[in-house]
Amino acid sequence: MKLATLKNETRDGQLVVVSRDLKRAADVTDIAPTLQAALDDWETVAPQLAARFELLNAGKVDGDMAFDQEHCESPLPRAYQWLDGSAYLNHVELVRKARGAEVPESFYEDPLMYQGASDTFIGPRDDIEAITEDHGIDMEAELTIITDDVPMGVTPKQAAKHIKLIMLVNDVSLRGLIPNELRKGFGFVNGKASSAFSPVAITPDELGKAWGEGTIDLDLKVDYNGKPFGKANVKNDMTFDMYRLVSHAAKTRHLAAGTIIGSGTVSNKFEGGEGKKIEDGGVGYSCIAEIRMIEKIQTGEFKTPFMQFGDAVGIEMDDANGKSIFGRIENTVVKYDPPKG
């Protein structure tokens, strides 16, 4: 099934089921008022939501409505926990190579993961507010999952059954702030702005054969200012699948229902080496930092600037028939003026 959260006067929005073709929606607040409420009682609520979803697809729900992605919050407008991994070591390798450093062997065995802010996600069509362009504003297109309650110490195989929903995300990064934060040796906070998730969250069965082994065998499309920027395959070059990332997150603690876990920037090699732009026959990139690293490696200098005010990014995934699965993320960078006085 497919679920979305519509904006209303509350922080957590209104839960709806969305038709498979993303054209219609139906209110389900009689079953669960919000997505978090549904996740808190998933075993009881999910069958009821699924039944409403099937009726909607059959055109048998009275009072259904046109589904407008512009009116969506992120499926979880705020979450108890947002953990982002780095499942694509190609991305890490490029960053390290650009500054002449090797990737530690442990990175290939033990996933990287940080705990991000989850109190102020923005909607899939909301603006990215930034104080200054000097912060190095970047998009990161990723795969994400939402869990139910996950026991501490689960294996990757056991973790599979705890993945209840799948989304895409634009994990907004402020590249100009991250290096100084990392040098403190205590993680980063200021280097991460509010993330935007896809309009729709889906159950894994909606992906059919494309979902398997904790990943999706489909391309993640990214366009930048209206031009194709990336079409990396999510499955290719994925060092750690989502089952492994859930297991890693639960290594020393239980995970609460509604925990979101991200894959990190989707990144593919090209013919065994560094990536290439789409216009040069490659699959492009899922963030600006990656193309900058390749420029640094190949020419000794960065050429592509980070996002400026007015720049826009689009993120989407199509099925084998070219139909959008999760809806489309569209975010434009705008200037934010802090309070005065």
In nm², the average projected area of the convex hull spanned by the Cα atoms of region 142-256 is 8.8 nm²
Report the relative contact order of region 211-341, percent, no decimals, based on alpha-carbon pairs under 8 angstrom and at least 6 residues apart.
25 percent
Run down the aspartates and glutamates and flag those whose C-alpha is under 12 Å from the C-alpha of LYS97, throwing out any fewer than 8 positions away in its chain.
GLU274, GLU290, GLU295
How big is the equivalent ellipsoid of the chain along its three axes, where each semi-axis is √(5λ) from the Cα gyration tensor, reported in whole Å from largest to smallest?
32, 22, 20
Computed over the Cα atoms of region 193-305, what is the convex hull's projected area averaged over all directions, in nm²?
9.6 nm²
For the chain, give the percent of accessible area contributed by carbon and sulfur heavy atoms, probe 1.4 Å, rounded to a whole number.
48 percent
To the nearest 10 Å², what's GLU105's accessible area with a 1.4 Å probe?
140 Å²
Around GLY282, which amide H atoms from residues at least 5 apart in sequence, or from another chain, sit under 5 Å from its own amide H, with H modelled in the peptide plane?
LYS277
Please check which bits of region 227-267 a label hung off ASP41 would reach, taking the label as a point 7 Å along Cα-to-C-beta and the cut-off as backbone N under 20 Å.
256-259
Among LYS164/LYS277; LYS164/LYS323; LYS2/LYS192; LYS161/LYS323, the pairs whose Cα-Cα distance exceeds 24 Å are LYS164/LYS277; LYS2/LYS192; LYS161/LYS323
What nm value, rounded to one decimal, do you get for the distance between LYS251 and THR304 when each label is placed 7 Å out toward the C-beta?
3.1 nm
Two-site FRET efficiency, GLU102 against PHE186, from Cβ-Cβ distance with R₀ of 22 Å, rounded to 0.05
0.40
Region 21-157, relative contact order [Cα under 8 Å, separation at least 6], %
26 percent
Region 1-85 - Debye-derived log10 I(q)/I(0), Cα point model, q = 0.16 Å⁻¹:
-0.58
In whole percent, what relative contact order does the chain give with Cα contacts below 8 Å and a gap of six or more residues?
22 percent
Restricting everything to alpha-carbon atoms, can you work out Rg to Rh for region 1-153 with a Kirkwood hydrodynamic radius?
1.06
Between THR34, THR120, THR299, find the one with the highest GNM mean-square fluctuation for the chain; connect C-alpha pairs within less than 10 Å.
THR299
Return one quarter of the surface area of the convex hull spanned by the alpha-carbon atoms of region 107-178, equal to its mean projected area, in nm².
6.8 nm²
Take LYS335 and MET65, extend 7 Å from each Cα along the Cα→Cβ direction, and tell me the distance between the two endpoints in nm.
3.6 nm
Candidate cut points under GluC sites (Glu not before Pro) in region 169-218, DSSP loop plus at most 14 other Cβ atoms within 10 Å of their own Cβ, are GLU213
Region 125-209: chymotrypsin sites (Phe, Trp or Tyr not before Pro) in DSSP coil with no more than 11 other Cβ atoms inside 10 Å
PHE186
So what are the ³J(HN,Hα) numbers for region 327-333, from phi and the Karplus equation (6.51, -1.76, 1.60; θ = phi - 60°), rounded to whole Hz, Gly and Pro as x?
x, 10, 8, 9, 10, 10, 7
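The values are calculated or read from the model by the stated rules, or taken from the named source; none is laboratory data. Computed from a prediction, not measured in an experiment: that's the story for all the values here. Note that we place each Cβ from the backbone using ideal geometry, even for glycine, and neighbour counts take in every protein chain shown. Surface areas here come from the heavy atoms of the whole protein model, side chains and all, with no ligands, DNA or RNA. Shrake-Rupley method; radii C 1.70, N 1.55, O 1.52, S 1.80 Å.
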